[in-house]
Amino acid sequence: MWIGTKGGGLHRLDTRSRQFEYLDSQNGLPNNVIYGVLNDEKGTLWLSSNKGIINYDPKTKAIRNFTAADGMQSDEFNTKAFAKAKDGKLLFGGINGLSTFYPKDLVDNPHTPSVQMTNLAINNQAISVLDSASVLAQAIECTEQLTLSYAQNSISLDFAALEFTAPSKNTFSYYLEGAEAAWSHTTTDNSATYLNLAPGNYTFKIKAANGDLVWSDQVTTLDISIRPPWYRSTLAYGCYFLLLGLIFWWSRQLQRRRLQLKYNLELEQKEAERLKELDRFRSRLYTNITHEFRTPLTVILGTSEQMQAQKHSNHPEQRQLSLIRRNGKNLLNLVNQMLDLSKIEHNKLQINYQQGDVLSYLRYLTESYYSLANSRNVLLKIESNQPKIYMDYDAEKMRQIISNLLSNAIKYTSSGGKVLLSVAQEADQLKIEVKDTGSGIAPADLPHIFERYYQADDEISKAGGTGIGLALTRELVKLLEGNINVESELGKGTTFTVVLPIRQQAPLQETVPLVEEVQIASANIEGKSHLQQVPKLLLIEDNLDVVEYITSCLEHDYELVYAYNGQAGIDRALELTPDLIVSDVMMPKKTGFEVTNTLKKDERTSHIPIVLLTAKADMESRLAGLKRGADVYLQKPFHPEELLVNLANLLALRRKLQAKYQQLAFATDEPVASLVDDPEQAFLQKVQQYLAAELDNPNLKATDIAKALGMSRSNLYAKLSAVTGMSFNIYLRTLRLQKAKQLLQTTSLTV
């Protein structure tokens, strides 16, 4: 039983086995909508659909399709519009009428079509006889040979079969001989395209079949030749062979010259050996003499140290002895650098690696140059993107590298300039930059800056130097498997960059102590025991030389306490409440500006006078310090007397303010109102308001009011004493007496 469905194709039911089979568009049926099913006397089935009449042979499984192109009323038929006449005629109704036929009268079209070319396109551009490209000498239909350049290698061909019974059903089979297998393409499409053909000769072959798939034996051909580019032409290959001949001749000539040069070189080598032996002699002499320099220098330095130790610190000869020692050490350092260069030349300089925090060691080295920088009014600063950097390093080699770079940077930076040492860890490398705002290096001198004994020919460079320091620095960096380079611009400054590998293979050792750990011990600036009436001064400074210098200026008049950075200074000020604070501006953790801003905004320390010391003397920096509440802003280097006078004036002003606050605090009128931007007045008002409510409390203690004000007991005592000059108990007693006096004068109460 054959069943046509609307959308499911043709179904076959075996009524004995009750098994279904399906025929649809997935296995060859042109359309899945079947309106009617009729059979002919041969047993084949005729199906009406939405895509014409379908003829299906159940025995051979062959499928043929008849559409409007074959004479049907249309491609679309209707439901229930089908019938079979007694004489075998089949009738099918569709949207444009009725199609009738006798199946036995249908025969295949015997005509086999030939093929003609109709259009040509090259590189997606249509080509005609009149085009300037001159590809076609005549119409494509009459062309048998195409000759194209190597750039015209993408071709499209249009063609047509000369069979017009059902043109849309004509089928083509073609291929490009020389580029693909025979008859690779079979399609009803009348166009063929080939892209990026290589230079060579090809033949396009094509044949056609009619709508009943009856193939023609006639094959149409088109020869296509694509010329190679000029560099692959016959002429080009001739030139190549000629060039090879010239190269061969030239190589023979070169070989003859090389033999001549070899002979000359042997003569020169003998002369070079003689000169090298002379150079080795000079080098040995140079090294021996340098060694001999060290002996008298050692004696001079040792003797000067003994003499200096025997003299009193105020002895007039101390200055001359210090001068001898300083210059003797400079000369000894120069001799050592010359010896190190000699050792590097002979591969005798040893590397002594140790593992530790190289950043703390670099900070330690930089500390020794703060006094030199301050003496030249140069701001020296070190910064890093890491808190610690552990690696293998040679302490002595690192000291020599950093010392040479920092001393040069400070030396060639004018007053008011800046030298920055930045240290960063980038992957497995340590990057050290020494950047200054000095005079810079001329472009002509820059390539020679690391050459031994080289000095730039300008007035600045003639000021001093031997040309050894940077040469030794480069050799030391290379010895440590790193590299160094320099960038500079005249008038704007210079940047030296050292890059060293980070390894962690050496034994872990303690590095040089941090500045915080050696702050007091190495400077020998322990505070002296003073009487209580001596003002207490907090010195916040990270440079040990500056700390020692200021200590020598102030230790006889003040009780000194110390802090090694800005944050420690804030903590010490809140803990001790000193009478005065002297602070540097450029410090680690917190700057002097931040210290001033923090302490002036804190009620516990807002009254303390603050003196800022800095090498940054520009107006912008001075205004920044004063705006944050600094009482005095002194420029480094300063005269000791200038500092002492300013401190004395601040103490005198503080005493005048104490008298003013005493008068206001014990006025018999209503409690004094807080003045605008006067934190001390505001503090006194809060104290008075609290005490006014507790005057008749016999158990009132300082801890009670301190807790109410959010202060410690010691902070309250220190703050009240600094503002009024009175202790808490005396202040409370005086306030009660004032209140009693007021009551006796204004009321009738008994004593």
## Note on the structure
Within segment 167-194, the residues that are in contact with a strand residue (DSSP E or B) (Cβ under 7 Å, 6 or more places away or on another chain), exposed (fewer than 15 other Cβ atoms within 10 Å of the Cβ), among the polar types (S, T, N, Q) and not in a strand (DSSP E or B) are 184, 188
### Message
If I filter segment 573-597 down to residues being open to solvent by 10 Å² or more (accessible area, probe 1.4 Å) and of a type in the set (Ser, Thr, Tyr), which single residue comes out as farthest from residue 555 (Cα to Cα)?
### Response
591
### Whichever residue in segment 80-99 is hydrophobic (A, V, I, L, M, F, W, C) and not in a strand (DSSP E or B) and, among such residues, is nearest to the chain's Cα centre (by Cα)
95
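Being among the acidic types (Asp, Glu), assigned to a loop (DSSP other than H, G, I, E, B) and modelled with pLDDT of 75 or more is the filter here, so list the residues in segment 603-662 that pass it.
Of everything in segment 603-662, those that are among the acidic types (Asp, Glu), assigned to a loop (DSSP other than H, G, I, E, B) and modelled with pLDDT of 75 or more turn out to be 603, 631.
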#### Entry: Selection from segment 72-91 of residues that are farther than 21 Å from residue 1 by Cα and either open to solvent by less than 20 Å² (accessible area, probe 1.4 Å) or among the acidic types (Asp, Glu) (or both)
74, 75, 76, 77, 87
### Task
Filter segment 9-29 for residues that are surrounded by fewer than 19 Cβ atoms within 10 Å (Cβ to Cβ) and in contact with a strand residue (DSSP E or B) (Cβ under 9 Å, 6 or more places away or on another chain) and give the result.
11, 12, 13, 14, 19, 20, 21, 22, 24, 28
### Query
What do you reckon, is residue 547 open to solvent by 50 Å² or more (accessible area, probe 1.4 Å), out of contact with any helix residue (DSSP H, G or I) (no Cβ under 7 Å at 6 or more places or on another chain), at pLDDT 80 or above and within 28 Å of residue 378 (Cβ to Cβ)?
no
### Task
State which residue is farthest from residue 148 (Cα to Cα) when the search covers only segment 112-130 and only residues that are open to solvent by less than 90 Å² (accessible area, probe 1.4 Å) and over 60 Å from the mean Cα position of the chain (by Cα).
112
### Task
Could you check, for segment 42-51, whether at least one of its residues is open to solvent by less than 80 Å² (accessible area, probe 1.4 Å), part of a strand (DSSP E or B), farther than 16 Å from residue 72 by Cβ and at pLDDT 95 or above?
yes
### Task
Assess whether residue 164 counts as being open to solvent by 80 Å² or more (accessible area, probe 1.4 Å) and either closer than 30 Å to residue 72 by Cβ or outside any loop (DSSP other than H, G, I, E, B) (or both).
yes
### Query
residue 68 is checked against (1) more than 60 Å from the chain's Cα centre (by Cα); (2) farther than 28 Å from residue 109 by Cβ and fails just one. What number does that condition carry?
(2)
### Scan of segment 100-133 for residues that are β-branched (Val, Ile, Thr), more than 24 Å from residue 88 (Cβ to Cβ) and part of a loop (DSSP other than H, G, I, E, B), ordered by number
112, 129
### Message
So if I check each of 71, 88, which one is under 24 Å from residue 164 (Cα atoms) and at pLDDT below 95?
### Response
71
### Message
Can you confirm whether residue 499 is in contact with a Phe, Trp or Tyr (Cβ under 9 Å, 6 or more places away or on another chain) and at pLDDT 80 or above?
### Response
no
### Message
What pairs come out if I take residues in segment 95-108 that are touching a residue at least 24 places away in the same chain (Cβ under 8 Å) and acidic (Asp, Glu) and pair them with residues that are in a loop (DSSP other than H, G, I, E, B) and open to solvent by less than 60 Å² (accessible area, probe 1.4 Å) whose C-beta lies under 8 Å away, six or more apart or interchain?
### Response
108/212; 108/214
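Take residue 202 and decide whether it is surrounded by 15 or more Cβ atoms within 10 Å (Cβ to Cβ) and modelled with pLDDT of 95 or more.
Details: surrounded by 15 or more Cβ atoms within 10 Å (Cβ to Cβ): yes; modelled with pLDDT of 95 or more: yes.
Yes.
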### Message
Of everything in segment 713-737, what is surrounded by 15 or more Cβ atoms within 10 Å (Cβ to Cβ) and in contact (Cβ under 8 Å) with a residue 40 or more places away in the chain? Give them in sequence order.
### Response
715, 718, 719, 722, 723, 724, 725, 726, 731, 732, 734, 735
### Query
Of (1) within 23 Å of residue 199 (Cα to Cα); (2) in contact with a strand residue (DSSP E or B) (Cβ under 6 Å, 6 or more places away or on another chain); (3) open to solvent by 50 Å² or more (accessible area, probe 1.4 Å), residue 155 satisfies all except one. Which?
(3)
### Task
Being open to solvent by less than 10 Å² (accessible area, probe 1.4 Å), in contact (Cβ under 8 Å) with a residue 40 or more places away in the chain and not aliphatic (A, V, I, L, M) is the filter here, so list the residues in segment 550-572 that pass it.
565
### Message
Please go through segment 52-71 and give me each residue that is of a type in the set (Lys, Arg) and either open to solvent by less than 50 Å² (accessible area, probe 1.4 Å) or not in a loop (DSSP other than H, G, I, E, B) (or both), ordered by number.
### Response
64
## Note on the structure
A careful count of residues in segment 550-584 that are farther than 19 Å from residue 646 by Cβ, among the small types (Gly, Ala, Ser) and part of a strand (DSSP E or B) gives 1
### Task
Return yes or no: is residue 143 at pLDDT 85 or above and touching a Phe, Trp or Tyr at 6+ places or on another chain (Cβ under 9 Å)?
no
### Message
Tell me yes or no: at least one residue of segment 12-32 is touching a residue at least 12 places away in the same chain (Cβ under 8 Å), in a loop (DSSP other than H, G, I, E, B), touching a Phe, Trp or Tyr at 6+ places or on another chain (Cβ under 9 Å) and closer than 21 Å to residue 87 by Cα.
### Response
no
### Query
Any idea which of (1) closer than 20 Å to residue 602 by Cα; (2) of a type in the set (A, V, I, L, M); (3) at pLDDT below 75 is the one residue 672 doesn't satisfy?
(1)
### Task
Would you please list the contacts, defined by Cβ atoms under 8 Å and residues six or more apart or on different chains, that run from a residue in segment 198-227 that is in contact (Cβ under 8 Å) with a residue 12 or more places away in the chain to a residue that is acidic (Asp, Glu) and crowded, with 16+ Cβ neighbours inside 10 Å?
208/163; 210/163; 211/70; 211/163
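Residues that are of a type outside the set (Ser, Thr, Tyr) and farther than 25 Å from residue 656 by Cα: list the helices (runs of 4 or more DSSP H) wholly contained in segment 681-751 that include at least 3 such residues.
702-709, 728-746
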### Query
Within segment 397-429, can you find the residues that are open to solvent by 50 Å² or more (accessible area, probe 1.4 Å) and not in a helix (DSSP H, G or I)?
412, 414, 415, 416, 418, 425, 426, 427, 428, 429
### Query
Among the numbered criteria (1) of a type outside the set (Ser, Thr, Tyr); (2) more than 28 Å from the chain's Cα centre (by Cα); (3) more than 24 Å from residue 471 (Cβ to Cβ), which single criterion is violated by residue 387?
(2)
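The values are calculated or read from the model by the stated rules, or taken from the named source; none is laboratory data. All figures in this text were calculated on a predicted structure; none of them were measured in a lab. FYI the Cβ positions are ideal-geometry reconstructions off the backbone, even for glycines, and counts take in every protein chain you see. Surface accessibility is based on the protein's heavy atoms, side chains included, excluding ligands, DNA and RNA. Shrake-Rupley method; radii C 1.70, N 1.55, O 1.52, S 1.80 Å.
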